[in-house]
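As structure tokens, the structure follows; a few thoughts come after it.
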Amino acid sequence: MPRTVTTVAGLRAALAERRGARRIGMVPTMGALHQGHLALVDEARTRSDTVVVSIFVNPAQFAPHEDFDAYPRTLEADLEKLGSRADLVFAPTVREMYPAGHATTLSVAGPSAGLETDFRPHFFNGVATVVAKLLIAASPDIAVFGEKDYQQLLVVKRLVRDLALPVEIIGAPSLGEADGLALSSRNAYLSAEERKIAGELNIILKAAIAQARTSGDLRAAEASAIEALWAAGFSPVDYVAIRDAETLDHVATLDHPARILAAAKIGKTRLIDNMAV
């Protein structure tokens, strides 16, 4: 199993031994690791000599009514899953990341506008703050994030560019289950019946892509997908949107690379997914 450290000082000391000609890769996670996370770790390994995985359930990105307390915390199982894939795990406490008197929050505009922000206005400030703290603490050469959280990936890239942090952000493709449902730690919340419904998300988004390509009417394709999600049993459907793949700006045509993004709930579980259009 990888070595575990719980303090920023311990992390820096452990990585100091490995710097020099060696490249350091980082994979920030909230734990409850699944095959999608492990694929990110494997991607980091192909690009670096030392791999550090952070495991931290970040309270700053949860609203009071969200699932912070219920979010799965499975550190021992996570370490077992990582095995020799990672060299180091950084598993800080909340007090370590947000000491008494902590008063700084980062706000990233640009790609954070709309979509998730319309429904979780607190979210990206919390993400930006913790990601910046993790990157500053570890000072990796690269950091790998999954494309499943596509808006988050673009926010992190914007953050790194704007703050001139010396780290390359790598986006790794999403992995899906047998029926195409994107792997997520929150999938564990789904009942058997809800899990059947969840598998429709992937199918409906693919149908929307086909409609958008065939008709060229992106708004109609979005509306059809929203209607289909409601009919399948998702409630509510927060959004289905076709956006510019680099900026998440609104687009009217498919002249440039685009992405379809969606968020919807089944019971108490909110799922997100996206695909290239």
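The values are calculated or read from the model by the stated rules, or taken from the named source; none is laboratory data. It should be emphasised that the depicted structure is a prediction, and the values quoted were computed from it without experimental measurement. Cβ atoms come from the backbone with ideal geometry, glycine included; neighbour counts cover every protein chain shown. Accessible surface is based on the protein model in full, side chains and every heavy atom, while ligands, DNA and RNA are left aside. Shrake-Rupley method; radii C 1.70, N 1.55, O 1.52, S 1.80 Å.
A protection proxy built from the mean count of other Cβ atoms within 10 Å ranks the segments 22-33, 182-193, most packed first, as 22-33, 182-193.
Determine the gain in length on full extension of the stretch T253-D42; use 0.36 nm per residue of separation and subtract their C-alpha separation, reporting nm with one decimal.
Taking 0.36 nm per residue and subtracting the Cα distance, the gain is 72.4 nm.
For V144, what charge total do you get from the other residues with a beta carbon under 14 Å from its beta carbon, if Lys and Arg give +1 and Asp and Glu give -1? In short, 0. Rounded to the nearest 20, the Cβ-based charge dipole of the chain about its Cα centre (Lys and Arg +1, Asp and Glu -1) stands at 700 debye.
Using the alpha-carbon positions of the stretch 1-152, Rg (one decimal) and Dmax (whole number) come out as 15.3, 46 Å. Take the stretch 32-113 with all the other protein chains still there, run a 1.4 Å probe, and you get 48 Å² of accessible area per residue.
Using the Kirkwood radius built from alpha carbon pairs, what does the Stokes-Einstein equation give as D for the stretch 104-253 at 37 °C and 0.692 mPa s, in µm² per second? In µm²/s, the coefficient rounds to 192. Remark on the stretch 2-59: ratio of C-alpha radius of gyration to 2.2 N^0.38 Å is 1.15.
Starting from the Cα gyration tensor of the stretch 117-184, take the square roots of the eigenvalues, sort them a ≥ b ≥ c, and report rounded, prolate or oblate (rounded when a/c is under 1.5, otherwise prolate if a/b is larger than b/c, else oblate).
Oblate is the answer for the stretch 117-184, as a/c is 1.5 or above yet b/c matches or exceeds a/b.
Charge dipole of the stretch 22-72 (Cα centre as origin; +1 on each Lys and Arg Cβ, -1 on each Asp and Glu Cβ, all else neutral): 400 debye, rounded to the nearest 20. Non-local lysine pairs in the chain, meaning eight or more places apart or on different chains, with alpha-carbon distances under 26 Å, amount to 14. The stretch 24-107 gives an Rg/Rh value of 1.00, both radii derived from C-alpha positions and Rh following Kirkwood. As a size descriptor, the averaged projected area of the C-alpha convex hull of the chain was calculated at 14.7 nm². Shape analysis of the stretch 187-242 places it in the prolate category; the axes a ≥ b ≥ c from the Cα gyration tensor give an a/c of at least 1.5, with a/b above b/c.
Heavy-atom surface analysis with a 1.4 Å probe gives the stretch 167-240 a carbon and sulfur content of 56 percent of its accessible area.
Summed over qualifying helices (DSSP H, 4 residues or more, each -39500 (n - 2.57)) and divided by its residue number, the chain shows a 222 nm mean residue ellipticity of -11500 deg cm²/dmol. Gyration tensor over the Cα atoms of the stretch 214-269: the corresponding equivalent ellipsoid has semi-axes (square roots of 5 times the eigenvalues, largest first) of 23, 13, 6 Å.
Spin-label model, F119 to D244: label points 7 Å out along the Cα-to-beta-carbon direction sit 2.4 nm apart.
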